[in-house]
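I have placed the structure first, in the form of structure tokens, so that the comments after it can refer back to it.
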Amino acid sequence: MDFKLEVAKKISSLADMETEKAMELMEIPPQPNMGDYAFPCFQLAKVMRKSPNMIAKDLAEKIERDDIVEKAEAAGGYLNFFINKTGFIKHTISQILDQGSKYGSSKEGEGKTVLVEFSSPNIAKPFHIGHLVNTITGNAIEKIFKHLGYNTIKLNHLGDYGTQFGKLISAYKRWGNDEIIEKDPINELLKIYVKFHEEAEKDPTLDDEARLYFKHLEDGESEAIALWQKFRELSLKEFKKLYVDFNIEFDSYTGESFYSDKMPEVVEILKDKKLLKESSGAQIVDLEQFNLPPCLILKSDGATIYATRDLAAAIYRKRTYDFYKSLYVVGNTQALHFKQFFSVLELAGFEWAKDCVHIGTSLVKFADRKLASRKGDVIYAKEVVDEAVEKTLEIINSKNPNLENKEEVAKKVGMGAIIYTFLKNNMGRDIVFSWEDMLTFEGESGPNVLYSYVRGKSILKKAGNISGNADFSYLKTEDEFNIVKQLGSFKETVEQAAERYEPFVITRYVTDLAKAYNKFYNSHPILSAEEEVKIARLALTKAVCNVLTTGLGLLGIQTPESM
Ligand code: ARG
């Protein structure tokens, strides 16, 4: 039960105000001794032509006391509510235990489709740490919207098109060795691609050859297409290994190449709307009215570019999915590109342009110098993941050497630690990557939250099967009530995360919940408490574990049973 909503309903039945409005106005008082919710009467004062003080007093007298509201007091224009603690605890815990993984979900998204484009690496190029941040962030955003009932579609807009593929074909035909490529496709393709550039410096005819191969690709000639497909498949196979590790499945991998034959239509639309302008041989859309540099649509040689493909993709997606929102989880470094092409869509009269949102992810900064890549300045995602799992295994080996399924646990905890680090702060802030902060079992870290969960789980296991219903009037301490209050705000938290496109709201939440549970655990007996108290505390523990699993799950973090 949503107590805030129930309180708002009560206000609405007594005063001239919609329930929703009352919900909006309600605040959490600055001090707990002032109540659990406070309703400011200032807006009502204007309508009712009475002082806020009078209104608060009047309402305080009239409001019914029951298992939702225990006490209501007027204080300086506010109506302070004290909710019935036992009622609140009972409703909240029962609801969590009833609903399980559905707790905190809603129907707000029913019938609405949200597209989440994320990850989108480039084929035959390394999957770097920036792609990993996008992958993890996008995955969380998708899960959050799904929890709220939206029909979500996960799109991977592969970078699989461009003149560089002419170069790669040329390089492959010269130096490609299938045996080596099969073993380590991305590195080997990258190697011959780099070699191509070096050789082309010495011999410019190589560039002509590459242009020709790219033309073959555009014209659909079978050899070029077959090679390109091979590069694409080999790369995708590599990328998918990482997706499997993170439990991510995409609904579509249609990348940039898919839109190459859909671009002439975009050019037509822009021409029709008289938006195309010539500028030193190229075709652009002027965006001065948005205070943005012009958007390049066609290069002087007639070749289309990145933005044009994105325009084609956006139009295709609207037609195919009729989305409610189309989200792009891509590094902040591309913010200008998104502003530009969204503005072009708006100018072209697509009113749904406003439903396209760029969720700009942050840069990763390294606190440890040690992490500098072994292969130049690109940090490979796979190396980071492998190292996190390896290091976690070392920690487990020293802390809990007899643990069963060590490898599996290390994987969950190590990858959870990365996800936690990436989703710890709001997106405006750089991500600071430090092995020490990331893998510590203390303080604010993924492993620490998981540790609280595992602790709760182990108590439940020790307790075995409990018969009889919990009597929640035995949960009397402030620590217990605080936990339940947090449990009760889970749905609001998920809604807020979706509204702000900020998974960190959930990271914050699980961290606080784990902290509150730890505090309780450290100062109150559970298994050794009196029978009635024990049963109630076990139910509370179960509810905490439930909500932690769900919350962490929304971030893409899996919970181990022990660690
Ligand atoms: N492949 C691009 C990159 O690695 C990201 C693609 C972003 N998505 C888009 N619709 N432009 O930088």
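Got at least one residue in the stretch 302-314 being acidic (Asp, Glu), within 25 Å of the chain's Cα centre (by Cα) and on the phi < 0 side of the Ramachandran plot?
Quick first cut of the stretch 302-314, residues acidic (Asp, Glu) only: 310.
Now restrict to residues that are within 25 Å of the chain's Cα centre (by Cα): 310.
Filter again for on the phi < 0 side of the Ramachandran plot, leaving 310.
Looking for residues that are acidic (Asp, Glu), within 25 Å of the chain's Cα centre (by Cα) and on the phi < 0 side of the Ramachandran plot, one finds at least one in the stretch 302-314, hence yes.
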Given (1) open to solvent by 20 Å² or more (accessible area, probe 1.4 Å); (2) under 34 Å from the mean Cα position of the chain (by Cα); (3) within 24 Å of Tyr306 (Cα to Cα); (4) touching a residue at least 24 places away in the same chain (Cβ under 8 Å), Lys230 misses just (4)
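Of these, Thr113, Thr163, which one is in contact (Cβ under 8 Å) with a residue 12 or more places away in the chain, of a type outside the set (A, V, I, L, M, F, W, C), closer than 18 Å to Glu499 by Cα and away from the ligand (no atom under 12 Å from the Cβ)?
The match here is Thr113.
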* To do: Within the stretch 83-105, identify whether any single residue is within 16 Å of the ligand (Cβ to nearest atom), within 19 Å of Ala497 (Cβ to Cβ) and in contact with a helix residue (DSSP H, G or I) (Cβ under 9 Å, 6 or more places away or on another chain), and answer yes or no.
  => no
Restricting the stretch 1-28 to residues that are outside any helix (DSSP H, G or I) and more than 30 Å from the chain's Cα centre (by Cα), the one surrounded by the fewest Cβ atoms within 10 Å (Cβ to Cβ) turns out to be Asp16
Note on the stretch 449-461: residues in contact with a helix residue (DSSP H, G or I) (Cβ under 7 Å, 6 or more places away or on another chain) and closer than 16 Å to Thr511 by Cβ are Val449, Leu450, Ser452, Tyr453, Arg455, Gly456
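Quick one: is Phe231 more than 16 Å from the ligand (Cβ to nearest atom), more than 24 Å from Arg317 (Cβ to Cβ) and touching a Leu at 6+ places or on another chain (Cβ under 7 Å)? First the steps, then the outcome.
On the way: more than 16 Å from the ligand (Cβ to nearest atom): no; more than 24 Å from Arg317 (Cβ to Cβ): yes; touching a Leu at 6+ places or on another chain (Cβ under 7 Å): yes.
When the stated conditions are applied, Phe231 does not pass them.
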In the set Leu115, Leu132, the lone residue that is closer than 30 Å to Ser257 by Cβ, part of a strand (DSSP E or B), of a type outside the set (Asp, Glu) and open to solvent by less than 20 Å² (accessible area, probe 1.4 Å) is Leu115
Scanning the stretch 346-362 for residues that are more than 13 Å from the ligand (Cβ to nearest atom) and at negative phi gives Glu346, Leu347, Ala348, Phe350, Glu351, Trp352, Ala353, Lys354, Asp355, Ser362
Of Gly349, Gly331, the only residue that is open to solvent by 20 Å² or more (accessible area, probe 1.4 Å) and either out of contact with any helix residue (DSSP H, G or I) (no Cβ under 6 Å at 6 or more places or on another chain) or within 20 Å of Phe246 (Cβ to Cβ) (or both) is Gly349
Conditions (1) in a helix (DSSP H, G or I); (2) modelled with pLDDT of 95 or more; (3) more than 16 Å from the ligand (Cβ to nearest atom); (4) basic (Lys, Arg) -> Arg211 fails only (2)
Conditions (1) within 30 Å of Cys295 (Cβ to Cβ); (2) in contact with a Gly (Cβ under 9 Å, 6 or more places away or on another chain); (3) surrounded by 15 or more Cβ atoms within 10 Å (Cβ to Cβ) -> Leu212 fails only (3)
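Check the stretch 234-256 and report whether any residue there is more than 30 Å from Ile153 (Cα to Cα), in contact (Cβ under 8 Å) with a residue 60 or more places away in the chain and surrounded by fewer than 18 Cβ atoms within 10 Å (Cβ to Cβ). Steps first, please.
Taking the stretch 234-256 and keeping what is more than 30 Å from Ile153 (Cα to Cα), we get none.
No, that holds for no residue.
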Asp272 vs (1) within 26 Å of the chain's Cα centre (by Cα); (2) more than 16 Å from the ligand (Cβ to nearest atom); (3) acidic (Asp, Glu): all pass except (1)
Kindly indicate whether any position in the stretch 328-345 is small (Gly, Ala, Ser) and over 21 Å from the mean Cα position of the chain (by Cα). yes
Of Lys491, Lys476, the only residue that is among the charged types (D, E, K, R), open to solvent by 40 Å² or more (accessible area, probe 1.4 Å) and in contact (Cβ under 8 Å) with a residue 60 or more places away in the chain is Lys491
All-but-one check, Ile181 against (1) over 30 Å from Lys102 (Cα atoms); (2) β-branched (Val, Ile, Thr); (3) within 16 Å of the ligand (Cβ to nearest atom), failing number (3)
Note on the stretch 531-551: residues among the hydroxyl-bearing types (Ser, Thr, Tyr) and open to solvent by 10 Å² or more (accessible area, probe 1.4 Å) are Thr549, Thr550
- [ ] For Glu265, state whether it is of a type in the set (Asp, Glu), in contact (Cβ under 8 Å) with a residue 24 or more places away in the chain and over 15 Å from Phe165 (Cβ atoms).
- [x] yes
Would you say Lys143 is among the charged types (D, E, K, R), open to solvent by 30 Å² or more (accessible area, probe 1.4 Å) and within 16 Å of the ligand (Cβ to nearest atom)? no
Residues in the stretch 290-323 that are open to solvent by 10 Å² or more (accessible area, probe 1.4 Å), in contact with a Leu (Cβ under 9 Å, 6 or more places away or on another chain) and either of a type in the set (Phe, Trp, Tyr) or over 24 Å from Tyr501 (Cβ atoms) (or both) total 8
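In the list Ala313, Ala307, which residue meets the criterion of being touching a residue at least 40 places away in the same chain (Cβ under 8 Å), part of a helix (DSSP H, G or I), touching a helix residue (DSSP H, G or I) at 6+ places or on another chain (Cβ under 6 Å) and closer than 27 Å to Asp261 by Cβ?
Details: Ala307 fails: touching a residue at least 40 places away in the same chain (Cβ under 8 Å).
Of Ala313, Ala307, the one residue that is touching a residue at least 40 places away in the same chain (Cβ under 8 Å), part of a helix (DSSP H, G or I), touching a helix residue (DSSP H, G or I) at 6+ places or on another chain (Cβ under 6 Å) and closer than 27 Å to Asp261 by Cβ is Ala313.
Of the residues Asp272, Asp286, which single one is among the charged types (D, E, K, R), modelled with pLDDT of 95 or more and surrounded by 12 or more Cβ atoms within 10 Å (Cβ to Cβ)?
Numbers: Asp272 fails: surrounded by 12 or more Cβ atoms within 10 Å (Cβ to Cβ).
One residue alone meets the criteria, Asp286.
Answer yes or no: is there a residue in the stretch 34-51 that is within 30 Å of Ala536 (Cα to Cα) and part of a helix (DSSP H, G or I).
Just the residues of the stretch 34-51 that are within 30 Å of Ala536 (Cα to Cα), to begin with: 34-38.
Next cut, part of a helix (DSSP H, G or I) only: 34.
Yes, the conditions are met somewhere in the stretch 34-51.
The values are calculated or read from the model by the stated rules, or taken from the named source; none is laboratory data. Since the structure is predicted, the reported quantities are computational estimates derived from the model, not experimental observations. Here the Cβ is made from the backbone with ideal geometry for all residues, glycine too, and neighbour counts use every protein chain on show. The protein model used for the area step is the full one, side chains on, heavy atoms only, and it has no ligands, DNA or RNA in it. Shrake-Rupley method; radii C 1.70, N 1.55, O 1.52, S 1.80 Å.
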